[in-house]
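**Q** First the structure, which I've put down as structure tokens, then a few questions once you've had a look.
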Amino acid sequence: MRSAQWYGGDDRNSYIHRAWMRRGLPADAFDGRPHIAIANTASDLTPCNSHLDEVSRSVAAGIQQAGGIALNLPVVSIGETQVRPTAMLWRNMAAMAIEEMLRANPIDGVVLLGGCDKTIPALLMAASSVDIPAVVVPGGPMLTGTFRGVPLGCGTDVWKLSEEVRAGTLSAAEFQRSQGSMIRSRGHCNTMGTASTMGLLAEVLGMTLPGIAGTPAPDSRLLEGAHATGVLAVELVGKDRRPSAVMTRASFLNAIVALAAMGGSTNAVVHLLAIAGRLGVELTQDDFDRTGSGVPLLVDLQPAGRFLMDDLYRAGGLHAVLAEVRDLLDPAAVTVTGQSLVDYLNGVPVYDREVIRARDEPLQSDAGIAVLYGNLAPDGAVIKPAAASPELLRHRGPAVVFDSVEDLQARLDDPALEVTADSVLVLRGCGPKGYPGMPEVSNMPLPAKLLAQGVRDMVRICDGRMSGTAYGTVVLHVTPEAAAGGPLAKVRTGDMIILDVASRRLEVDLPPGELEAREPSPAAVRAYAAPKRGWERLYVDTVGQANTGADLSFLVGSSGSQVSRESH
Ligand code: FES
């Protein structure tokens with residue numbers, strides 16, 4: 001038992017370790033029982049996770065029932081909508097801090113409580129780099145809200161309603177009134193956004209109690225599952241089943257299949273690559289295209305579809321979706337229970353075929369994430385065809401270029417802006433280094449004058465990310481980003497852009513040699529001011545590009561759980 005390195009023996013150090021933990025723990029707590037931390041991202045400033053203290057109590061009860069010692073460990077929490085400049089700037093910081101605290105403390109295993117977008121990725125990255133027995137409890141989505149008598153999705157409908165206000169079809173007062181209807185309960189966003197996607201993928205990766213992911217946050221079955229997870233955590237420690245034994249390449253490829261079948265968030269590409277990087281699992285951006293292509297879209301959830309997470313749970317949940325694509329899943333991938341993921345898919349019923357389509361009646365036959373290449377994206381760019389307008393997936397149009405988010409905000413609605421529905425909006429300076437932190441701005445709003453004409457989608461290209469709750473014909477994660485010397489910095493307004501998703505092509509149509517000969521836009525370079533100190537400085541100096549997961553270079557990989565030195 002790892003904790004015996006602290007508590008075992010009769011010397012002065014073990015005395016200190018035991019004595020200082022006696023505030024609440026009995027003497028027999030150190031008789032070889034597993035000490036299991038509950039890494040808890042509950043925070044009033046992460047409202048999507050604020051219920052996790054209650055979940056933690058159920059996990060603790062399960063750990064204790066199984067003979068373990070449960071230890072609450074509050075960890076860095078990131079509220080997607082609250083933190084500035086962008087939550088992604090802090091994912092790696094959270095992962096680094098959690099990793100170090102897992103390694104530094106006398107624990108044998110950990111239960112990871114997350115929910116809001118970056119929290120489950122950060123927890124999994126941390127646990128992967130320490131590689132002690134670990135299991136996730138996804139906090140679950142909020143219940144469906146209603147407004148004007150119809151369901152209101154959290155996130156996706158904010159964009160739709162705000163576009164309605166800009167187009168003059170919804171009053172500002174009505175828009176404000178919808179707030180109270182949208183967030184109906186505890187839990188994370190209830191569309192197939194990043195939080196839902198990563199909660200479900202944590203299970204596909206094998207890292208949860210089978211069947212728990214997608215349970216709505218207020219549902220009593222979440223607490224039942226949390227209790228069972230506590231029991232399972234003790235068993236995990238006994239079997240020394242570690243993240244590296246569960247999250248193999250087979251698990252990641254299964255996650256890519258599930259991502260496509262669910263129509264999950266593009267952010268999962270970055271997060272899965274980062275987690276794989278911590279584990280040393282070979283995974284590339286191209287795996288998403290290779291493995292995801294041809295996988296049918298079966299789940300009709302917002303942002304691309306109609307329903308919400310509560311509906312998915314009611315219709316049969318994740319296992320019902322996975323059962324439809326069972327033949328595409330690698331049976332070699334195991335879960336934290338030691339059983340194969342596919343073992344849990346026998347005879348799983350589907351209760352609502354509107355929400356979860358049959359394999360032979362998909363919403364789309366090819367739902368995977370497409371990875372585009374060309375002179376605009378030598379190291380790749382990503383598009384989610386399921387969220388795009390089919391008629392725009394092959395498009396040629398003149399670029400309208402913005403050097404920063406601020407430049408976009410200042411000029412987008414200018415009546416003098418030369419833009420038509422055929423234009424291609426290009427936004428740069430939004431990559432990991434450029435912003436910094438790779439914000440979710442790629443789904444640029446459309447120019448007001450085009451909205452007024454009834455235009456609802458345009459081709460947009462950016463080196464940033466897109467909210468998992470957003471939709472549209474958006475090319476994102478352009479790599480290398482403009483601030484890292486990518487050709488996006490050399491594009492000019494008026495250049496013809498070619499997008500051809502079928503042939504995976506993203507080009508600027510220029511005479512041979514011209515792009516290479518151009519200097520980067522001075523305005524784009526000016527917009528990128530390297531921070532002088534603190535986390536931002538460390539981040540900008542060491543962050544990798546989107547195509548490898550945007551982790552910090554020195555955090556990729558694992559250091560294991562050993563800490564050999566100590567002094568008192
Ligand atoms: Fe937390 Fe959407 S803001 S999940």
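**Q** Give, as a single signed number, the net charge of other residues whose beta carbon lies under 12 Å from the beta carbon of Ser129, with Lys and Arg counted +1 and Asp and Glu -1.
**A** With Lys, Arg at +1 and Asp, Glu at -1, the neighbours total -1.
**Q** Go through 481-488, 505-512, 70-77 and give me the packing order, highest mean Cβ count within 10 Å leading.
**A** With the highest mean Cβ count within 10 Å placed first, the list reads 481-488, 70-77, 505-512.
**Q** While we're looking at this one, here's another question. Would you list, by chain and number, the lysines whose Cα falls below 26 Å from the Cα of Lys160, excluding same-chain residues fewer than 8 positions away?
**A** Lys118, Lys384, Lys449
**Q** Can you spot the aspartates and glutamates whose alpha carbon is less than 18 Å from Lys532's alpha carbon? Ignore those fewer than 8 places along the same chain.
**A** Asp541
**Q** Let me ask something additional. What does the highest-first list of 165-178, 361-374 look like by mean Cβ count within 10 Å?
**A** 361-374, 165-178
**Q** Turning to a different aspect of this structure: Unpartnered cysteines of the chain (Cβ-Cβ under 4.7 Å counts as a partner)?
**A** Cys430, Cys462
**Q** List, in order, the whole-Hz ³J(HN,Hα) value for each residue of the stretch 224-237 obtained from phi through the Karplus relation with A = 6.51, B = -1.76, C = 1.60 and θ = phi - 60°; use x for Gly and Pro.
**A** 4, x, 5, 4, 5, 5, x, 4, 4, 4, 5, 5, 4, 5
**Q** Here is a follow-up. Per residue, how much space in cubic angstrom lies within the convex hull of the C-alpha atoms of the stretch 1-77?
**A** 102
**Q** Would you grab the residues whose amide H sits under 5 Å from the one on Thr208? Only those 5+ places off in sequence or on another chain, please, with H modelled 1.01 Å from N.
**A** Residues meeting the criterion, in which the H sits 1.01 Å from N, are Val136, Val336.
**Q** Now for a separate question. At q = 0.11 Å⁻¹, what log₁₀ I(q)/I(0) does the chain have when each alpha carbon counts as one equal point scatterer in the Debye sum?
**A** Per q value, in the given order, log10 I(q)/I(0) is -0.96.
**Q** Also, I was wondering about something else. Under 5 Å between amide H atoms, partner at least 5 residues away or on a different chain: which partners does Asn72 have, H built in plane at 1.01 Å?
**A** Placed amide hydrogens put Ile38 under 5 Å from Asn72.
**Q** Based on the Kirkwood radius over alpha-carbon pairs, what value in µm²/s does the Stokes-Einstein equation return for the translational diffusion coefficient of the stretch 183-256 at 10 °C and 1.306 mPa s?
**A** The Stokes-Einstein estimate is 118 µm²/s.
**Q** Name the long-range amide H neighbours of Val478: under 5 Å, sequence gap of 5 or more, or other chain; modelled H, no Pro or chain starts.
**A** Val382, Cys462, Asp463, Gly464
**Q** What are the ³J(HN,Hα) couplings of the stretch 161-171, residue after residue, when phi is run through the Karplus curve with 6.51, -1.76, 1.60 and θ = phi - 60°? Round to Hz, x for glycine and proline.
**A** Result, ordered by residue: 5, 5, 5, 5, 5, 5, 7, x, 9, 9, 6 Hz.
**Q** Using +1 on the beta carbon of Lys and Arg, -1 on that of Asp and Glu, and nothing else charged, what's the dipole of the chain about the Cα centre, debye to 20?
**A** That gives the chain a dipole magnitude of about 940 debye.
Taken together, the values in this text are just the output of simple stated rules run on the coordinates, not laboratory data. Bear in mind that the values here come from a model prediction, so they are computed numbers and not experimental data. So basically every Cβ, Gly included, is an ideal-geometry build from the backbone, and we count neighbours across all protein chains shown.
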